[in-house]
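Trainee: Can you keep this structure in mind? I'll have questions shortly.
The values are calculated or read from the model by the stated rules, or taken from the named source; none is laboratory data. It should be emphasised that the depicted structure is a prediction, and the values quoted were computed from it without experimental measurement. Please note: Cβ atoms are built from the backbone with ideal geometry, for glycine as well, and neighbour counts cover all protein chains shown.
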């Protein structure tokens, strides 16, 4: 799913909220698969791949029922604000600041996009990837504080049967986490893992159900808030 920077931006503006569907353009990998092909004798369809486009907004925010009744009202408010920002993104009315980076001596490259409503930062999109892996972070803010964050990490490998023209097929492995915050406190987390095969149809990201994660009080969940602080300041790179 390696795309050019302009393509990433275009896809983000039409992304249809919070599950990432991977197709043949998306890549993931495991180097120890039994079915992995000898890459010295096959043609790779992934040779031009760069870091991926983020998932569409329609996929990013799932609609699974909220099991914890104490958080239902808060989640409803989060979904409403998310929908409001989605509309502004689709209309192209938010001011955009873009910062691209390329790591010297390393195949990693990426992009940080920050969207502003007037002078308020409201959406952050960070994408980066290298030869066989990628990650995407999307953060939505209100009153300078994040209320929702989506993380996607993936990698790809060659695998499966060869195509008739001798080219290799690929397998993508994707992990997604969704975090819902209320005044800086995590109130809900959803997670999912899935894979896609270039030679067959499997349920893609949006069709794979999320799993509810039990929230542990006062635990720093994967450092979400620290990296949001860095993104606010434009700290990205290698």
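Trainee: Please state which of the following conditions residue 149 fails to meet, knowing it meets all the rest: (1) surrounded by fewer than 23 Cβ atoms within 10 Å (Cβ to Cβ); (2) in contact with a strand residue (DSSP E or B) (Cβ under 9 Å, 6 or more places away or on another chain).
Mentor: Exception for residue 149: condition (1).
Trainee: Please go through (1) surrounded by fewer than 21 Cβ atoms within 10 Å (Cβ to Cβ); (2) over 10 Å from the mean Cα position of the chain (by Cα); (3) part of a strand (DSSP E or B) for residue 131 and return the number of the only condition it doesn't satisfy.
Mentor: Unmet for residue 131, out of (1) surrounded by fewer than 21 Cβ atoms within 10 Å (Cβ to Cβ); (2) over 10 Å from the mean Cα position of the chain (by Cα); (3) part of a strand (DSSP E or B): (3).
Trainee: Look through region 178-235, keep the residues that are within 30 Å of residue 163 (Cβ to Cβ) and more than 18 Å from the chain's Cα centre (by Cα), and return whichever of them is surrounded by the fewest Cβ atoms within 10 Å (Cβ to Cβ). Show your work before the answer.
Mentor: Quick first cut of region 178-235, residues within 30 Å of residue 163 (Cβ to Cβ) only: 192-208.
The next check asks that each one be more than 18 Å from the chain's Cα centre (by Cα); those that pass are 197-202.
Working: 197: 16, 198: 23, 199: 14, 200: 9, 201: 7, 202: 13.
Ranking the qualifying residues of region 178-235, first place goes to 201.
Trainee: Which of the residues belonging to region 114-123 are under 14 Å from the mean Cα position of the chain (by Cα) and surrounded by fewer than 22 Cβ atoms within 10 Å (Cβ to Cβ)?
Mentor: Within region 114-123, the first condition is being under 14 Å from the mean Cα position of the chain (by Cα), and the residues that meet it are 123.
Listed by number, the list is empty, since nothing qualifies.
Trainee: Filter region 86-113 down to residues that are in a strand (DSSP E or B), more than 20 Å from residue 147 (Cα to Cα) and either within 18 Å of the chain's Cα centre (by Cα) or modelled with pLDDT under 95 (or both), then give me how many there are.
Mentor: 8
Trainee: Only one of these is over 17 Å from residue 68 (Cβ atoms) and in a loop (DSSP other than H, G, I, E, B): 174, 228, 236. Name it. Write out each step before concluding.
Mentor: Numbers: 174 fails: in a loop (DSSP other than H, G, I, E, B); 228 fails: in a loop (DSSP other than H, G, I, E, B).
After applying the criteria, what remains is 236.
Trainee: With respect to residue 203, is the statement that it is outside any loop (DSSP other than H, G, I, E, B) and at pLDDT below 90 true?
Mentor: Values: outside any loop (DSSP other than H, G, I, E, B): no; at pLDDT below 90: yes.
Here the answer is no, as residue 203 does not meet what is asked.
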